[in-house]
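Asks: Before I ask anything, let me first share the structure, which is written out below as structure tokens.
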Amino acid sequence: MESAISTGLIGLSLGSQYAMIAIGFTLIFGIMGVINFMHGGGYVIGGYLAFAVSSGMGLPFPIAVIGAAIGTALIGYLIETFFVDKYVDDHNATMLITLGIYLVVTTVIIIIFGPEPVSGFSFPISGVLRWGGLYFSYSNIVVLVICTTTIVAVYSLIYRTRYGIALRAMADNRAIATAQGIRPGRMFPVAFSLAMALAGLTGALVTPILVLEPHLGEGQLLKAFIMVILGGLGSVAGATIAAFAVGAVEAYSSVYLGGSKGALVLFIIVLVILLVRPSGLLGREARKA
Amino acid sequence: MREAYICEPVRTPVGRFGGSFRELIPAHLGATVVRGLLERTSIPPDAVDDVLFAQCYPSMDAPALGRVVALDAGLPIEVGGLQIDRRCGSGLQAIIYALMQVESGASDEADLKPDYDASIESLACSAFSRSQRSIGVQQLPQPLPCGCDRWDLWRPKAIWVAGCGAKQAGARAGEGHVTSWSGRTTMKDAWKRFRSIALSVAVSLATALTPSPSAAQSCEVKIGAVGPLSGGASGLGLSAAEGTKFAAAVVNAEGGLPIGGKRCLVRVVDFDAKYTPAGGAAAANYLASENVRITMGPVGSPETTGFRPAAKRIGIVNFSSSYMRDVITPEFPLTFHALQAPVTWAPLLTKAARDQFKFDTVLIVAPNDQGGTDAGKQFVQVYAAAGVKPLEEYYQRGTTNFAPLAARIMNINPQAIEISTVPPGDGVILVKQLMEAGYTGVIGALGGVGLKSIVEGAGGVENLKNVYWLEVSPVDHPGIVKLRADYKAIMGKDAPDNPLFAVFALATEVALKAVANAGTDADAEKIADALRSLTPESRYMGKAGWRGKSLYGINQELTFPPGIGMIVNGERKTVKTVEIPTE
């Protein structure tokens, strides 16, 4: 029983981290129609920025995390403005552009920081909360709280503010939204920045707990694809639900079936759901505009 | 006369000059409205007879706005369009014309043949053209200084001044004023200029930095370095490549490799094989195109699988560090082994570990691809032969969070965990999360990942109780200590921590000796024969030998000794060198 509860806590922790990544990814797709292959790079950049600020500059970890999120947002803004914006209606071009940027970023990180995992970068809170056979590390508790708070904040932004309404209008029908005076030139860079900031914040929080190396982005991007497709392309709520579902499935299947079978179970579940509901849990059949 | 009715009025918001609609062309706005109107009214598109739009400033985007809007909105090609200009009264005039058409029956005689009429204007997208010098458009601060007599508001993003000779004035569209008269160039011009400057600088730098061989070293010996230089296993590949480059640098520092009475510069050609079979095959083909006939690497098992058939066909001697079964075999006579596989030294190391820590069960953890399972299966045999019950647990390569695996391991509750060929990055997380899960048993690392990952994962040596690990090169051996010091002195930076660095530094020393003995770097068979006939020797580790006949059927495995390290009850012991017998 304790094992099952501990596994559930692991799944919850994984789900919250995945949700941060997935929300950003689906936000960009929903609003801009861009499949952002650079999204995993945002996770890595966030980690390295936090590392540079905390270990390199000696600043407190919370400052490093905030700085990493802001820095990643700024990088996202620049990427969208200078590279993506011109080709935003060409899906193939934006995929290639963002993929190319990811490869360049990874190489630059290897040149500056080296290919091996960084050392001397750890979460400032250590220790494990133990209760009988249950255990949950304090670092994971902090990350879970921050991720959940951020997800709620993003939801409030999207569903309770005028800016969020504008974003959703752009996602719903860009032509009509534009005709109502909502300018893509303003919305797109900010949406891209927000998505990258979410990825960067996740990277800054999670990599000190796990490991920070230049090639983490690929795994994160793959997970983001799975969750966004499962939740429905363009659906923020769907991506969130899918993220927690994936976290739970991954945790329970890995613990009780083993690593290889665990991954297989996840893909089988995704396959079955897509056969029954091809648009994903909360997705639309076709993306408008 | 028929009666006409005006129904379903619909419009977009009204924007200001240079405001929210500055990026839109009028046809877009109009088409959006018409599409919306069709949806609201459910009127079939072919029921529309005419589309009348008021537009005072037609542009090349939509010279006949009514027609363009009709087509863009999806109305049939038979639907006409009209554009009306009566200045500020254009919109009303459009309505009047529509009423007249319907009431007079000028439209078709069907019961319901609506005309659509509308008014649209987008000043930001209008072209202004005047023949006078001073510009009468409101809000312009001053007339043009350059003697121009004409300027056009081109596209929404820019204003150009034409007819000014060399000067152009750029301005932001839609702002209602021209911001600069001083000949500021456009972004396009700036980009063109930057591109040509950057190209010139790049060419100059490339020319300046291309080394020209000195007269004393007019010949060159090429040696390849193949391994994963990117991706999750890049730590292995880059360290191996550095070992190769260091050995080459040592020879070059002494004047070059002696071949046929001359001293030749040794040049390392590296290739990223990405830890995949396809990468290995691509590496062989690439190096062949560069006339490289001896390589250090490939590093991993998947790369070796792809590399050696091509190497055999092309003729490339190669030193692999893979742990795969049959890493060397008579079928591939040009493949040598830079170190020994677990089956060679593991019996000695596992016995030593078991004697020290007294464990009866071991869980072998490894990635679930060839690189992990090959070694994993070997460890199963080795531990079983040592009287330890082996269990196996493989995980998906690419996993970043090992918390579920750690929980699973705690459920299994082994006395020892062997982290096998888990890459360094994975090893850090795995050990960390095992500690968090409460694991207090023995940790073994006979796959060559070294101690660093384990220490990092545990948060310091002081947190580790009982650990044993393989050092593929014994780090406390005076020769290896000197090797690392020489690397720092010659290369100007710290030596890589990964143990493959030393492995390939030593193997490259041997390989270059063979090239010198063979008198050529271009004949793989001669180089291979020279290797087989020489006694491997290193200035750092002394003499070694060859082995492999009994295990692989071919004696092409170097016997430079590995080492075993131990932490016993939290106390680190000196790494012991483990001598490997030659055959």
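Asks: Determine whether segment A:106-117 contains at least one residue that is surrounded by 15 or more Cβ atoms within 10 Å (Cβ to Cβ), farther than 30 Å from A:V142 by Cα and either touching a Phe, Trp or Tyr at 6+ places or on another chain (Cβ under 6 Å) or among the acidic types (D, E) (or both).
Replies: Within segment A:106-117, not a single residue is surrounded by 15 or more Cβ atoms within 10 Å (Cβ to Cβ), farther than 30 Å from A:V142 by Cα and either touching a Phe, Trp or Tyr at 6+ places or on another chain (Cβ under 6 Å) or among the acidic types (D, E) (or both).
Asks: Oh, and also: Does any residue of segment A:258-276 turn out to be within 9 Å of another protein chain (Cβ to nearest Cβ), under 26 Å from B:K432 (Cβ atoms) and in contact (Cβ under 8 Å) with a residue 60 or more places away in the chain?
Replies: Looking through segment A:258-276, none of the residues is within 9 Å of another protein chain (Cβ to nearest Cβ), under 26 Å from B:K432 (Cβ atoms) and in contact (Cβ under 8 Å) with a residue 60 or more places away in the chain.
Asks: If you don't mind, another one. Looking at segment A:148-179 only, could you name the residues that are basic (K, R) and either within 14 Å of chain B (Cβ to nearest Cβ) or surrounded by fewer than 14 Cβ atoms within 10 Å (Cβ to Cβ) (or both)? Spell out how you get there, then give the answer.
Replies: Narrowing segment A:148-179 to residues basic (K, R): A:160, A:162, A:168, A:174.
Within segment A:148-179, A:R160, A:R162, A:R174 qualify.
Asks: Hey, another quick one. Based on what the data block shows, is B:G18 more than 8 Å from chain A (Cβ to nearest Cβ), part of a loop (DSSP other than H, G, I, E, B) and surrounded by 12 or more Cβ atoms within 10 Å (Cβ to Cβ)?
Replies: Against the criterion (more than 8 Å from chain A (Cβ to nearest Cβ), part of a loop (DSSP other than H, G, I, E, B) and surrounded by 12 or more Cβ atoms within 10 Å (Cβ to Cβ)), B:G18 qualifies.
Asks: A further question follows. Buried (at least 20 other Cβ atoms within 10 Å of the Cβ) and either farther than 18 Å from B:G227 by Cα or within 28 Å of the chain's Cα centre (by Cα) (or both): is that true of B:V292 in this structure? Full working, then the answer.
Replies: On the way: buried (at least 20 other Cβ atoms within 10 Å of the Cβ): yes; either farther than 18 Å from B:G227 by Cα or within 28 Å of the chain's Cα centre (by Cα) (or both): yes.
Yes.
Asks: Also: Does segment A:194-214 contain at least one residue that is among the aliphatic types (A, V, I, L, M), more than 14 Å from every other protein chain (Cβ to nearest Cβ) and out of contact with any Gly (no Cβ under 8 Å at 6 or more places or on another chain)?
Replies: The answer is no, given that none of the residues of segment A:194-214 is among the aliphatic types (A, V, I, L, M), more than 14 Å from every other protein chain (Cβ to nearest Cβ) and out of contact with any Gly (no Cβ under 8 Å at 6 or more places or on another chain).
Asks: Still on this model: With more than 14 Å from every other protein chain (Cβ to nearest Cβ), over 53 Å from the mean Cα position of the chain (by Cα), closer than 21 Å to A:G181 by Cα and buried (at least 16 other Cβ atoms within 10 Å of the Cβ) as the only criterion, which of B:A47, B:A62, B:A54 stands out?
Replies: Details: B:A47 fails: closer than 21 Å to A:G181 by Cα; B:A62 fails: over 53 Å from the mean Cα position of the chain (by Cα).
Only one candidate passes the filter, namely B:A54.
Yes/no matrix, rows are residues, columns are (1) of a type in the set (A, V, I, L, M); (2) farther than 27 Å from A:S139 by Cα; (3) crowded, with 23+ Cβ neighbours inside 10 Å:
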residue: A:P189; (1), (2), (3): no, yes, no
residue: A:L198; (1), (2), (3): yes, no, yes
residue: A:T207; (1), (2), (3): no, no, yes
residue: A:I229; (1), (2), (3): yes, yes, no
residue: A:A248; (1), (2), (3): yes, no, no
residue: A:A251; (1), (2), (3): yes, no, yes
residue: A:K261; (1), (2), (3): no, yes, no
residue: A:V265; (1), (2), (3): yes, yes, no
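Asks: Now a separate question. So A:I70 ticks every box in (1) among the hydrophobic types (A, V, I, L, M, F, W, C); (2) in contact with a Phe, Trp or Tyr (Cβ under 8 Å, 6 or more places away or on another chain); (3) in a helix (DSSP H, G or I) but one. Which box is left unticked?
Replies: Checking A:I70 against (1) among the hydrophobic types (A, V, I, L, M, F, W, C); (2) in contact with a Phe, Trp or Tyr (Cβ under 8 Å, 6 or more places away or on another chain); (3) in a helix (DSSP H, G or I), the one that fails is (2).
Asks: Look at B:I527 and say whether it is of a type in the set (V, I, T), buried (at least 23 other Cβ atoms within 10 Å of the Cβ) and within 22 Å of B:T295 (Cα to Cα). Working first, answer last.
Replies: Working: of a type in the set (V, I, T): yes; buried (at least 23 other Cβ atoms within 10 Å of the Cβ): yes; within 22 Å of B:T295 (Cα to Cα): yes.
It is true that B:I527 is of a type in the set (V, I, T), buried (at least 23 other Cβ atoms within 10 Å of the Cβ) and within 22 Å of B:T295 (Cα to Cα).
Asks: If you don't mind, another one. Is it the case that segment B:545-560 has a residue that's crowded, with 20+ Cβ neighbours inside 10 Å, polar (S, T, N, Q) and either touching a Ser or Thr at 6+ places or on another chain (Cβ under 6 Å) or free of Cβ contacts under 8 Å to residues at least 24 places away in the same chain (or both)?
Replies: yes
Asks: State all residues of segment B:392-450 that are more than 9 Å from every other protein chain (Cβ to nearest Cβ) and either among the polar types (S, T, N, Q) or free of Cβ contacts under 8 Å to residues at least 12 places away in the same chain (or both); if no residue qualifies, say none.
Replies: Listed by number, the residues that qualify are B:N413, B:Q415, B:S420, B:T421, B:T440.
Asks: May I ask you to list the residues in segment A:81-117 that are facing another protein chain (nearest Cβ under 10 Å), in contact (Cβ under 8 Å) with a residue 12 or more places away in the chain and part of a loop (DSSP other than H, G, I, E, B)?
Replies: Listed by number, the residues that qualify are A:P115, A:E116, A:P117.
Asks: Let me ask something else. So which residues in segment B:347-382 are under 30 Å from B:A284 (Cβ atoms) and assigned to a helix (DSSP H, G or I), if there are any at all? Lay out the reasoning, then the answer.
Replies: Initial filter on segment B:347-382 (under 30 Å from B:A284 (Cβ atoms)): B:366-379.
Hits for segment B:347-382 are B:Q370, B:G371, B:G372, B:T373, B:D374, B:A375, B:G376, B:K377, B:Q378, B:F379.
Asks: All but one of (1) assigned to a helix (DSSP H, G or I); (2) not assigned by TED's automatic domain parsing to the domain that holds B:A514 hold for B:G387; which doesn't?
Replies: With respect to (1) assigned to a helix (DSSP H, G or I); (2) not assigned by TED's automatic domain parsing to the domain that holds B:A514, B:G387 is out only on (1).
One line per residue, one yes/no per condition, for (1) closer than 30 Å to B:K452 by Cα; (2) under 36 Å from the mean Cα position of the chain (by Cα); (3) away from every other protein chain (no Cβ under 14 Å):
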position	(1), (2), (3)
B:G479	yes, no, yes
B:L483	yes, yes, yes
B:D497	yes, yes, no
B:E525	no, no, yes
B:S533	no, no, yes
B:E537	yes, no, yes
B:N555	no, no, yes
B:L558	yes, yes, yes
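Asks: If you don't mind, another one. Are any residues in segment A:118-141 within 11 Å of chain B (Cβ to nearest Cβ), at negative phi and free of Cβ contacts under 8 Å to residues at least 24 places away in the same chain, and if so, which ones?
Replies: The answer is A:S119, A:S126, A:V128, A:L129, A:R130, A:Y138.
Asks: Restricting attention to segment A:237-286, which residues are of a type in the set (K, R) and under 20 Å from A:A4 (Cβ atoms)?
Replies: Result: A:K261, single match.
Asks: Can you say whether A:A73 is in contact (Cβ under 8 Å) with a residue 12 or more places away in the chain and either among the aromatic types (F, W, Y) or surrounded by 13 or more Cβ atoms within 10 Å (Cβ to Cβ) (or both), as far as the supplied structure shows?
Replies: Taking the combined requirement at face value, the residue satisfies it.
Asks: Next question, about the same structure. Can you tell me which residue is modelled with the lowest pLDDT among those in segment B:456-494 that are surrounded by 21 or more Cβ atoms within 10 Å (Cβ to Cβ), over 30 Å from B:N252 (Cβ atoms) and among the hydrophobic types (A, V, I, L, M, F, W, C)?
Replies: Filtering first and then ranking leaves B:L464.
The values are calculated or read from the model by the stated rules, or taken from the named source; none is laboratory data. Keep in mind that what you see is a predicted model, and the values were worked out from it rather than measured. Using ideal geometry, Cβ is built from the backbone for each residue, glycine included, and neighbour counts are taken over all protein chains shown.
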